[in-house]
Structure formats: C-alpha cells, structure tokens
Amino acid sequence: MTTRQAGRDLDTSRAHSARMYDYFLGGKDHFEVDKEAALVAAEAHPGLYVTARENRAFMQRATKVLAQEHGIRQWLDIGTGIPTEPNLHQIAQSVVPEARVVYADNDPLVLKYAERLMRSTTQGRTAYVEADATDPDALMSAVEDSGVLDFDQPIALSLNALMHFITDPHDPYSIVRRLLDPLPAGSALAMNHCTPDFDPDTWNHVAEVYTNSGTPVKFRSHSDVGRFFDGLDLIAPGICCCHRWRAAEPAAGEPEIADAQISLLAGVGIKR
C-alpha cells in the first residue's frame with residue numbers, strides 16, 4: 001500500500017541533496033544542476049563518493065543488527081532519498097520476511113520512484129509518505145495514517161545522512177525527540193551524521209558548497225552528534241566513523257579507509 005500527501009512539482013532550478021547523493025552513488029535520477037553542484041562539492045572533498053557508499057553500507061549493517069540481535073520488525077526511514085537497491089526493506093525482509101517499513105521524504109522525485117519502495121515480501125508491508133522532517137508532528141501523523149506500523153511494538157527510526165541538512169534554527173534535537181516520543185520502549189534510533197572533527201578545513205568548505213548551492217547544512221562534532229542519543233542506550237561500538245561500525249576486517253592487502261575521508265559519525269541507540 002502507499003500513502004501519499006499531495007505531490008509537488010519538481011524544482012530543477014537548484015540542486016537537491018537527495019539528487020546529489022544519487023550522483024555520488026552513480027545513479028541516473030538527477031539533473032544537470034545536481035551534477036554540477038556535486039562536482040563542486042567533490043572538488044572540495046573527493047572522498048564524498050566513498051562517504052556515500054559507506055553511508056549505504058552502514059544502513060545495511062545497522063538494519064541487520066537490529067533485526068537479528070534486537071528483535072526489531074518495524075522501521076521508519078526518514079530522508080529516504082531516491083531508491084537505490086538494496087533498499088532498507090529489502091535488507092530487513094532478507095532477515096525477517098514479515099518486516100514492515102515506512103519511508104518518508106519530501107522530494108517529489110522520490111515520490112516519482114516510490115513504487116520501487118513498494119516491492120515488499122508477501123509476509124511484510126511497505127509504504128511511502130511524502131512529508132517533511134522539519135514538521136515531525138505532521139510526519140508522524142501521516143505515518144500513523146498509513147496503518148503499516150504498530151506503535152505498540154518496537155520501531156527502528158532510521159535517520160541516515162539526514163540531520164546535517166537540518167540546521168539549528170529548526171531545532172534538530174527537538175525534532176528527533178518528537179520523532180522518538182511516540183515509539184515504545186525497545187525501539188531504536190539508527191543514524192549517521194557528517195562531522196568536521198577529522199578535517200575541519202575541508203568539511204567547512206564542503207558545507208559552504210552545499211549552502212551556496214541552496215542546500216544549507218550543519219556538520220556537527222562528536223559530542224553534538226551524541227546529543228541526539230540522549231536518554232538512549234547506545235549499543236557497541238557506540239558512536240564512531242560509520243565505516244568502522246560493526247564492519248568486517250579489511251581483506252588482506254586492502255587499504256584502510258581513513259576517518260577523515262569518511263567523516264560520517266554513526267550510532268545506534270535503544271529506547272528504554
């Protein structure tokens with residue numbers, strides 16, 4: 001089933017973070033303005049291509065860990081982005097076929113391709129809602145109206161590569177609290193967030209590029225990212241660079257990726 005708010009026209013006059021991300025992943029669902037902005041950002045930091053791939057890899061590992069080790073059977077993925085297989089529901093349902101997933105995003109291009117997100121197992125369910133994370137109350141209302149998630153059972157809130165696009169005037173910590181509040185004990189927060197900690201000059205330059213292209217960002221320190229997990233029990237290994245979170249050991253001879261190249265902090269916490 002699919003639940004949607006009224007669609008909006010595509011704005012191709014300025015770059016959009018989801019479409020720039022699609023370009024970094026080698027996708028085809030972006031416009032020239034997105035490619036141009038992505039190339040400028042990559043000139044500031046060529047590691048953005050690797051960062052995008054490691055973001056996807058973290059999502060896959062975190063989803064499997066929550067399903068296998070913490071009994072999670074439901075996910076709410078906000079800031080879904082343009083569908084890129086394997087999508088979160090495909091990862092979850094490969095472990096637990098009955099998994100239920102609701103995706104939420106505010107980009108009309110994501111809505112256009114939302115049918116890719118609907119290909120659930122027969123045992124599970126998926127839905128897509130068009131909603132904006134900066135209005136968490138309306139977003140959660142739309143999610144509840146979809147009827148896919150049972151709010152009496154634990155739900156994993158997935159906020160990957162999203163919160164650094166929510167700047168301080170929107171009070172990002174309040175947004176995360178309001179998203180977590182309706183979720184019962186045993187629910188989880190899985191998120192990653194760009195940081196300037198490892199290479200301030202480069203990442204401040206990247207922030208300028210995004211902001212100048214019409215997409216304001218706020219990259220945050222380790223301690224500031226940790227504030228999103230206040231009141232939750234972080235699972236091992238805590239908050240670390242995402243390519244190190246529950247990752248397999250590099251193969252022999254494979255070069256190790258430096259934290260400064262990724263600069264994407266990740267963590268998973270369980271609600272008490």
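May I ask you to list the residues in the range 152-211 that are modelled with pLDDT under 95 and acidic (Asp, Glu)?
ASP199, ASP201, GLU208
Does the range 43-81 hold any residues that are at positive phi and either in contact with a strand residue (DSSP E or B) (Cβ under 8 Å, 6 or more places away or on another chain) or in a helix (DSSP H, G or I) (or both), and which are they?
Correct list: GLY79, GLY81.
This table checks each residue for (1) in contact with a Phe, Trp or Tyr (Cβ under 7 Å, 6 or more places away or on another chain); (2) part of a helix (DSSP H, G or I); (3) without any contact (Cβ under 8 Å) to a residue 24 or more places away in the chain.
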| position | (1), (2), (3) |
| --- | --- |
| LEU159 | no, no, no |
| VAL176 | yes, yes, no |
| MET191 | yes, no, no |
| PRO196 | yes, no, no |
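Within the range 226-272, which residues are out of contact with any Phe, Trp or Tyr (no Cβ under 8 Å at 6 or more places or on another chain), in a loop (DSSP other than H, G, I, E, B), at pLDDT 95 or above and surrounded by 13 or more Cβ atoms within 10 Å (Cβ to Cβ)?
Correct list: ILE235, GLY238, ARG246.
Quick check on my filter: what residues within the range 154-189 are within 22 Å of LYS64 (Cβ to Cβ) and in contact with a Gly (Cβ under 8 Å, 6 or more places away or on another chain)?
PRO154, LEU159, ASN160, ALA161, LEU162, GLY186, ALA188, LEU189
Looking at (1) modelled with pLDDT under 75; (2) closer than 11 Å to ILE82 by Cβ; (3) in contact with a Ser or Thr (Cβ under 8 Å, 6 or more places away or on another chain), which is the only condition GLY27 fails?
It fails just one condition, (1).
For the range 131-151, name all the residues that are more than 25 Å from HIS70 (Cα to Cα), in contact with a Ser or Thr (Cβ under 9 Å, 6 or more places away or on another chain) and either of a type in the set (A, V, I, L, M, F, W, C) or modelled with pLDDT under 95 (or both).
Those that are more than 25 Å from HIS70 (Cα to Cα), in contact with a Ser or Thr (Cβ under 9 Å, 6 or more places away or on another chain) and either of a type in the set (A, V, I, L, M, F, W, C) or modelled with pLDDT under 95 (or both): ALA131, ALA142.
The values are calculated or read from the model by the stated rules, or taken from the named source; none is laboratory data. Being a predicted model, the structure only gives us computed values, none of them experimental. Glycine also receives a Cβ, built like all others from the backbone with ideal geometry; neighbour counts cover every protein chain displayed.
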